[in-house]
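What follows is calculated from the coordinates using simple rules that are stated; it is not laboratory data. Only a predicted model underlies this, so the values are computations on that prediction, with no experimental measurement involved. Counting neighbours? That spans all protein chains shown, and the Cβs are built from the backbone with ideal geometry, glycine included.
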């Protein structure tokens with residue numbers, strides 16, 4: 001990984017950890033270990049945004065999640081995410097999302113939230129995974145999923161994450177993150193044939209209650225899923241740069257696991273589910289089972 005990528009990643013990490021504070025280019029250049037001019041140039045080159053625009057969009061998206069999930073005043077959402085005035089925050093929120101923050105807090109709607117992907121992970125795009133040097137533990141538990149609906153954004157022919165991102169793009173995750181989910185976060189699904197509607201096997205979406213009757217966001221479909229039993233496989237925590245190896249190790253363990261040992265067989269009529277790989281909790285997949 002080259003020095004330029006690592007410098008921009010250090011700036012991204014600094015922004016994330018100081019988001020509620022005043023952040024200037026001098027501080028970012030110090031984190032990058034380059035001159036302010038060069039730091040700003042490589043930041044725009046690798047993220048597609050000037051540092052100020054990146055910070056603004058990230059603050060707005062963090063504040064939107066607080067407005068959605070907490071009984072927080074608009075002034076607190078503004079000041080706690082680094083905005084200097086409520087008026088400036090309200091204008092920025094309206095320009096970014098097309099609604100004002102008070103209206104959004106009262107009636108949350110799907111928003112195109114900004115997801116700050118670390119630039120160092122782009123160099124790992126479709127890298128060849130290698131076996132982990134040491135065997136890692138995989139934790140398994142039985143999880144009951146209720147009957148529910150799932151908003152899904154379909155791809156074309158995608159059967160995995162990489163091909164899905166090429167077909168759909170990564171920005172869809174921001175919209176999904178803005179939507180309230182039964183399990184607290186978006187999900188990725190491998191759909192059995194009856195649910196594919198002639199499109200991709202792999203989709204990303206959000207689980208909602210079975211009685212959900214609000215409008216379906218543009219570009220999304222909604223499917224009904226029955227109550228089902230799942231085995232949840234969870235790896236040990238891992239370093240973020242080792243996510244590829246963590247995924248491969250867990251999927252290999254899933255392939256070897258025989259559910260008859262606990263009285264189940266695989267249930268291929270229900271989707272397999274993937275959660276966002278996050279190093280601090282380990283990699284998680286869920287695979288449906290039924291009583292043997």
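Listed peptides 146-159, 36-49 appear in the order 146-159, 36-49 once ranked by packing, highest mean of other Cβ atoms within 10 Å at the front. Using C-alpha pairs under 8 Å with a sequence gap of at least 6, the mean separation divided by the residue count of segment 238-292 gives a relative contact order of 42 percent.
Out of 118, 82, 169, any idea which swings most in a Gaussian network model of the chain, alpha carbons joined below 10 Å? Comparing 118, 82, 169 in a Gaussian network model of the chain, the most mobile one is 169. Of the peptides 282-289, 216-223, the ranking by mean beta-carbon count within 10 Å, highest at the top, reads 282-289, 216-223.
Find the centroid of the Cα atoms in segment 44-67 and in segment 1-40, then give the distance between the two in whole Å. If you average the Cα positions of each part, the centres end up 14 Å apart. Could you tell me whether segment 203-262 comes out rounded, prolate or oblate from its Cα gyration tensor? Rule is a ≥ b ≥ c as square roots of the eigenvalues, rounded for a/c under 1.5, then prolate if a/b exceeds b/c, otherwise oblate. Oblate shape, in that a/c is at least 1.5 and b/c is the bigger or equal ratio. Only one of the values (i) 19.7, 76; (ii) 20.9, 65; (iii) 19.6, 64 was calculated from this structure for Rg and Dmax of the Cα atoms in Å; name its label. Given (i) 19.7, 76; (ii) 20.9, 65; (iii) 19.6, 64, the structure-derived one carries the label (ii). Rounded to the nearest 500, the 222 nm mean residue ellipticity of the chain from helices alone is -11000 deg cm²/dmol, with -39,500 (n - 2.57) taken per DSSP H run of at least 4 residues.
At a Förster radius of 30 Å, what calculated FRET efficiency corresponds to the Cβ-Cβ distance of residue 170 and residue 268, to the nearest 0.05?
For R0 = 30 Å, the calculated efficiency reads 0.55.
Against the compact-protein benchmark of 2.2 N^0.38 Å, the Cα-based radius of gyration of segment 138-291 scales to 1.02.
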